[in-house]
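**Student:** Attaching a single structure in structure tokens format; questions to follow.
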Amino acid sequence: MIEFQQIDELQQWVQQEAAAGRSRILVPTMGGLHQGHLSLMDIAKKRAGEEGEVVVSLFVNPTQFGPGEDLAAYPKTLDQDRQGCEESGVDVLFVPEAGVMYAKDASLKVTEVKLSSGLCGRTRPVHFDGVCTIVSKLFNLIQPQAAVFGEKDFQQLAIIRRLVRDLNYPIEIIGGPIVREDDGLAMSTRNLNLSSDHRQEAVVLRQALLEAGKMLGDGERNAEHIQAHVEKRLMESPSAIPNYVEVVHPDTLQVLDEVTDALLVAVAVFFGSTRLIDNLCWREEK
Ligand code: PAF
């Protein structure tokens, strides 16, 4: 595995690979790697095939954290991450410092104005500008043929698909399924910040979403009933403080009254200062 920390070294390599006709499949991460990330690397590896290269970026992007959010507390496990990437057969690891990625007087950002207004965007107003900006920069630098993002961050994935469409990046966006712990908790770097009591309680996110799935299976189509049930179920957990519970259409992220062909139940919940997200995406069988 080759590791780059500087942009010029990375760009030189990209030019060389492009000239040789080899494709690059990108997995952008902020480190703190877990099985969920490794599953994205597996998807990238398959997409790259024998000839292509898998590039993982590892950068805790400061512009996607608002004031008072957990930038300083974001887990940093670089040695372990490096080893995970090696073992997953990653070809290139890009690990820039913040000063390498952003000029001191950087004055440009990429803003998506529709899909980012609800869900996480409502309480994290700068978050998706930061995500769109850093992902655009990574796309420009690495010029991948495809990039892989996890479906746990459903809204992020939808926004990245829109970014690629509206800014004409010739990049295929691949969603990787949520990977869960044995008790159902969605894998997340932030799980490392949970106390043991909060870790046990956090399984309530999955349980509440499974119950929403059961309601749908039983024929419930009133979005408010589903939302109210999930909210109530989360509140039964003594330490859970829901940030939001929303029932939206998975394609538009617009709030639903009545469920027709598809729905996304998305939740964000605080346990202490740790904020976890999860979702259930349902589509009517045709
Ligand atoms: O999902 C993440 O880890 C980040 O939002 C991403 C896509 C790497 C951008 O910093």
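The values are calculated or read from the model by the stated rules, or taken from the named source; none is laboratory data. None of these values were measured; they are calculated from a predicted model. Virtual Cβ from ideal backbone geometry, glycine too; neighbours counted across all protein chains shown.
**Student:** Pairs, please: C-beta under 7 Å, at least 6 apart or cross-chain, first residue under 17 Å from Phe128 (Cβ atoms) and in the range 144-158, second in a strand (DSSP E or B) and near the ligand (Cβ under 9 Å from one of its atoms)?
**Tutor:** Listed by first residue and then by second, the contacts come to Ala147/Pro28; Gln156/Phe149; Leu157/Phe149.
**Student:** Same structure, new question: Could you tell me how many of the residues in the range 235-265 are within 13 Å of Leu280 (Cβ to Cβ) and touching a strand residue (DSSP E or B) at 6+ places or on another chain (Cβ under 6 Å)?
**Tutor:** 9
**Student:** Based on what the data block shows, is Tyr102 at pLDDT 95 or above, within 15 Å of the ligand (Cβ to nearest atom) and farther than 16 Å from Arg24 by Cβ? Spell out the reasoning first.
**Tutor:** Numbers: at pLDDT 95 or above: yes; within 15 Å of the ligand (Cβ to nearest atom): yes; farther than 16 Å from Arg24 by Cβ: yes.
Judged against the criteria, Tyr102 is a match.
**Student:** If you take the residues of the range 185-244 that are in a strand (DSSP E or B) and either in contact (Cβ under 8 Å) with a residue 60 or more places away in the chain or small (Gly, Ala, Ser) (or both), which of them is farthest from Leu263 (Cα to Cα)?
**Tutor:** Per the criteria, the residue is Ala240.
**Student:** Select, from Ala208, Ala186, the only residue that is within 15 Å of the ligand (Cβ to nearest atom) and closer than 21 Å to Met235 by Cα.
**Tutor:** Details: Ala208 fails: within 15 Å of the ligand (Cβ to nearest atom).
The unique qualifying residue is Ala186.
**Student:** Next question, about the same structure. If only one of Lys152, Lys114 is of a type in the set (D, E, K, R), more than 22 Å from Pro62 (Cβ to Cβ) and either surrounded by 23 or more Cβ atoms within 10 Å (Cβ to Cβ) or at pLDDT 95 or above (or both), which one is it? It would help to see each step written out before you state the result.
**Tutor:** Details: Lys152 fails: more than 22 Å from Pro62 (Cβ to Cβ).
That would be Lys114, the only listed residue that is of a type in the set (D, E, K, R), more than 22 Å from Pro62 (Cβ to Cβ) and either surrounded by 23 or more Cβ atoms within 10 Å (Cβ to Cβ) or at pLDDT 95 or above (or both).
Table: residues versus (1) touching a residue at least 12 places away in the same chain (Cβ under 8 Å); (2) of a type outside the set (Gly, Ala, Ser); (3) in contact with a Cys (Cβ under 8 Å, 6 or more places away or on another chain); (4) more than 30 Å from Ala106 (Cα to Cα).
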| position | (1), (2), (3), (4) |
| --- | --- |
| His34 | yes, yes, no, yes |
| Ile43 | yes, yes, no, yes |
| Glu50 | no, yes, no, yes |
| Thr63 | yes, yes, no, no |
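**Student:** Just need a number here: residues in the range 132-169 that are charged (D, E, K, R), part of a loop (DSSP other than H, G, I, E, B) and under 26 Å from Ala18 (Cβ atoms). Working first, answer last.
**Tutor:** As a first pass, look at the range 132-169 and keep what is charged (D, E, K, R): 137, 151-153, 161-162, 165-166.
After this cut, where a residue has to be part of a loop (DSSP other than H, G, I, E, B) as well, the list is 151-153.
Retained after the next criterion (residues that are under 26 Å from Ala18 (Cβ atoms)): none.
Here the count works out to 0.
**Student:** Can you name every one of the strands (runs of 3 or more DSSP E) wholly within the range 22-131 that holds 1 or more residues which are closer than 25 Å to Asp166 by Cα, within 17 Å of the chain's Cα centre (by Cα) and of a type outside the set (Gly, Ala, Ser)? I'd like the intermediate steps shown before the answer.
**Tutor:** On the way: elements: 24-29, 53-58, 92-94.
By residue number, 24-29, 53-58.
Each row is one residue, and each column tells you yes or no for (1) more than 11 Å from the ligand (Cβ to nearest atom); (2) basic (Lys, Arg); (3) out of contact with any Phe, Trp or Tyr (no Cβ under 6 Å at 6 or more places or on another chain).
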| site | (1), (2), (3) |
| --- | --- |
| Gly21 | yes, no, yes |
| Met30 | no, no, yes |
| His34 | yes, no, yes |
| Asp42 | yes, no, yes |
| Val55 | yes, no, yes |
| Val60 | no, no, no |
| Leu71 | yes, no, no |
| Lys76 | yes, yes, yes |
| Asp91 | yes, no, yes |
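**Student:** Could you check how many residues of the range 275-286 are more than 16 Å from the chain's Cα centre (by Cα) and not acidic (Asp, Glu)? Steps first, answer last, please.
**Tutor:** Looking only at the range 275-286, we keep the residues that are more than 16 Å from the chain's Cα centre (by Cα), and these are 282-286.
After this cut, where a residue has to be not acidic (Asp, Glu) as well, the list is 282-283, 286.
Going through the range 275-286 one residue at a time, the tally reaches 3.
**Student:** Scan the range 87-111 residue by residue and report those that are surrounded by 13 or more Cβ atoms within 10 Å (Cβ to Cβ), under 18 Å from Val135 (Cβ atoms) and not β-branched (Val, Ile, Thr). Explain how you work it out, then say what you get.
**Tutor:** To start, the set of residues in the range 87-111 that are surrounded by 13 or more Cβ atoms within 10 Å (Cβ to Cβ) comprises 88-96, 100-102, 109-110.
Filter again for under 18 Å from Val135 (Cβ atoms), leaving 92-96, 100-102, 109-110.
Those that are surrounded by 13 or more Cβ atoms within 10 Å (Cβ to Cβ), under 18 Å from Val135 (Cβ atoms) and not β-branched (Val, Ile, Thr): Leu93, Phe94, Pro96, Met101, Tyr102, Lys109.
**Student:** Restricting attention to the range 7-17, report how many residues are of a type outside the set (D, E, K, R) and surrounded by 13 or more Cβ atoms within 10 Å (Cβ to Cβ). Show your work before the answer.
**Tutor:** Initial filter on the range 7-17 (of a type outside the set (D, E, K, R)): 7, 10-16.
Filter once more, so that each one left must be surrounded by 13 or more Cβ atoms within 10 Å (Cβ to Cβ): 7, 10-11, 13-14.
So the count comes out to 5.
**Student:** Further question: Is it fair to say Val265 is farther than 24 Å from Lys114 by Cβ, in contact with an Asp or Glu (Cβ under 9 Å, 6 or more places away or on another chain) and assigned to a strand (DSSP E or B)? Even if it seems obvious, please write down each step before you answer.
**Tutor:** Details: farther than 24 Å from Lys114 by Cβ: no; in contact with an Asp or Glu (Cβ under 9 Å, 6 or more places away or on another chain): yes; assigned to a strand (DSSP E or B): yes.
No: the conditions fail for Val265.
**Student:** What tally of residues in the range 132-154 results from selecting those that are within 12 Å of the ligand (Cβ to nearest atom) and more than 8 Å from the chain's Cα centre (by Cα)? Steps first, please.
**Tutor:** So in the range 132-154, the residues within 12 Å of the ligand (Cβ to nearest atom) come out as 132-139, 147-154.
Now restrict to residues that are more than 8 Å from the chain's Cα centre (by Cα): 132-139, 147-148.
Selection size over the range 132-154: 10.
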